[in-house]
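The structure appears right after this line, and notes come after that.
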Amino acid sequence: MPWAQSGLSFDSPDETIVSAPFRSPLSGAPVIAIISPVPDSKRVMVLMVSLEQRSKALIEPADEAQTLVVNDDGTVLLSHDTSRILDQNMGPQDEPGVESVAVEKGLAGESGYRQMPMNGTEMAMGYAPIQGAEWTIMTHTPTSQAFALKRDISQSLIAMILVTVAGLGLIGATMGRTTIA
């Protein structure tokens, strides 16, 4: 197993190590290994976690949206599009790597929001670090969908103001006409 070949070294008996992602030699599925020493023993307990199964636990984003969890190497660990798992995250101008500003800021412990072009569509992206791991979670959605509610509220507010002004004008004209006659 790839995690066993890296030479395990625990700093404390309570420490748990999370391996780099890899394809299981048995099933070919993308996995990570969680390794913990067994107290008073030279043994370790290993839990293999299916990244495809864990991706199903992500909240389903809106249409044309996607959520990704990316590690410090720029590797996609979790995604609704399971074909992207273990691929490189795409940075600026669709270049692979950690050069994505969101990934860099997430790894530095920051969370935030940006707008960016992606596959010919203007996207809104929120990102945040995942506590306890060198991972960043990002959700991308088209700006047209992200700001649809704001646009609908603005249009409704403008329509309400126009109806109110027209109503006041009608009341004023009716009262003025009655007063003059």
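Just so it is clear, none of the values below were taken in a lab; they were calculated from the coordinates. Please read all numbers here as calculations on a predicted model, not as lab measurements. All Cβ positions, glycine included, derive from the backbone under ideal geometry; neighbour counts span all protein chains shown.
The length gained on full extension between Q155 and M116, counted as 0.36 nm times the residue separation minus their Cα-Cα distance, comes to 11.5 nm. Take the Cα of Q53, step 7 Å toward its Cβ, do the same at D14, and the gap between the two points is 2.8 nm. Each of the peptides 123-129, 51-57 was scored by the mean count of other Cβ atoms within 10 Å over its residues; in descending order, highest first, they stand as 123-129, 51-57.
Peptides 73-80, 17-24 ranked from most to least packed by the mean count of surrounding Cβ atoms within 10 Å: 73-80, 17-24.
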